[in-house]
C-alpha cells in the first residue's frame, strides 16, 4: 500500500516538472518571436521610409529638372526634318535619334530662341548626346544640311540640263529622258506643247539626298512658272515670252544689251521682218565659232529665222530672269538692226537703217582683221 502511494507520488511530480518545462519553452519561443517581429517591423519601417524618400526625391527632381546633355556631343548621326514638322515633332525626332536627352530640353531651348522658327526641312548632320541648345543651333546652321547642290547656267539646251541631272542623281541619260516624257507628272503646262525646252529654269538648286530626275525636272519647271508669274506673264503669253527670252539669252553679250535686243526683236515682229538671228540657226545646225555659214542659213526648219518670218516654234535655250524681264519689258526705240563689233568686249551697236547697219558691220570686220 505504501509502495503504491509512494510510486504514485513520484509519477505526479515528474509530470508536473515536464509540464513546467514545456511552459517555459513556450514562453521563451513567444519571447523570441516577439523580438523577431519587432526587429522585422523596424526593418520594414526603415525600408519604407527610405523608399518613400527615394521616390519623393526622384519625382521632385524630375518635376523641377529637365534632362539635358552637356557639350557638343560625339559621333555623327543623320536626322531628317520633314516639311511641316512642329517643334514637338522635331524634338521627338532628335530624341529618338539619340541627339538630345529629353524632348522638353529642346522645346525649352526652342521657345527661348526666336530664330527657331527658321528651321528648314531636310537632312542634317548632327552629333549624339548634344546639349539641346547646341542641337537647335546646329539645325539653324545651313552648313549642317546634307544637300546636293547643282548650278544650271543660262543659255543651254535640254541636252546640257539632262546631263547635269544625270550626274547629280546617278541616273543614266536615258532614264532622265524617260522621266522627261511624263510631262503631266512634271507639271509642264499645256501651253508648252509637251516640249521642255526653255521651261527648265537655270539657277542654283539644293536638293536632298535621294533626289530623282523627276524631282529635279519638276522643281525647275515650277521655278520657271514662278518667275513668269512674278513678272505678270499670263499663261497664254508664257510660250511667247520664253521664246523671246531664249533669243535674247543667246544673242546678248552684256546685260545692258538685253532690253535693247528685245526691242529690236519686237520691232521686227511688228514690221513682219525676218528676225535673221544666228542663234536660231545654231540651234538646228550647231557649229563652232560665233558665226553661221551660208549653207547653215539654208537649212529648212521653222527655227531658221533667216528663212521664215516670225518667232520660232518655241524657246531655243534656258533663259535667266534678266532675259525674261527684258522680254516682258523691251527698250523703246526704232532700231531694227544690231551687230556685236568687238568679240572680246562684246560691244554691240544698233541701227535704224540698213546703211547704218553696214557701217557697224564694217567695224566688226575690221576688228576681226586686227585680231586674227
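The values are calculated or read from the model by the stated rules, or taken from the named source; none is laboratory data. None of the values given here were measured: they were computed from a predicted structure. Methodologically, a virtual Cβ is constructed for each residue, glycine included, from the backbone with ideal geometry; neighbour enumeration extends over all protein chains shown.
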Problem set entry | Given (1) closer than 25 Å to residue 203 by Cα; (2) assigned to a strand (DSSP E or B), number of the condition residue 279 does not satisfy | (2)
Exercise. Among the helices (runs of 4 or more DSSP H) confined wholly to region 172-253, which include 1 or more residues that are out of contact with any helix residue (DSSP H, G or I) (no Cβ under 8 Å at 6 or more places or on another chain) and under 30 Å from residue 346 (Cα atoms)?
Worked result: 213-230, 238-251
For this session: Would you check if there is a residue in region 174-190 being closer than 16 Å to residue 238 by Cβ and buried (at least 20 other Cβ atoms within 10 Å of the Cβ)?
Result: yes
Exercise. Looking at this structure, is residue 235 without any contact (Cβ under 8 Å) to a residue 24 or more places away in the chain, within 25 Å of residue 329 (Cα to Cα) and more than 22 Å from the chain's Cα centre (by Cα)?
Worked result: no
Exercise. Which of the residues spanning region 128-143 are farther than 9 Å from residue 100 by Cα and touching a residue at least 40 places away in the same chain (Cβ under 8 Å)?
Worked result: 134, 139
Problem set entry | Condition met for residue 106 (at pLDDT 95 or above and outside the structural domain of residue 209 (by TED's automatic domain parsing)) | yes
For this session: Within region 315-337, identify whether any single residue is part of a strand (DSSP E or B) and either farther than 30 Å from residue 225 by Cβ or assigned by TED's automatic domain parsing to the domain that holds residue 220 (or both), and answer yes or no.
Result: yes
Problem set entry | Tally of residues being in contact with a helix residue (DSSP H, G or I) (Cβ under 9 Å, 6 or more places away or on another chain), surrounded by fewer than 16 Cβ atoms within 10 Å (Cβ to Cβ) and without any contact (Cβ under 8 Å) to a residue 40 or more places away in the chain across region 107-127 | 7
Exercise. Where residues in region 322-346 are free of Cβ contacts under 8 Å to residues at least 40 places away in the same chain and either more than 40 Å from the chain's Cα centre (by Cα) or at positive phi (or both), which of them is surrounded by the fewest Cβ atoms within 10 Å (Cβ to Cβ)?
Worked result: 342
Problem set entry | Members of region 347-365 that are in contact with a helix residue (DSSP H, G or I) (Cβ under 7 Å, 6 or more places away or on another chain) and surrounded by fewer than 19 Cβ atoms within 10 Å (Cβ to Cβ) | 349
For this session: Only residues that are surrounded by 14 or more Cβ atoms within 10 Å (Cβ to Cβ) and either within 23 Å of the chain's Cα centre (by Cα) or in the same structural domain as residue 283 (by TED's automatic domain parsing) (or both): list them for region 155-172, please.
Result: 160, 161, 162, 164, 165, 166, 168, 169, 171
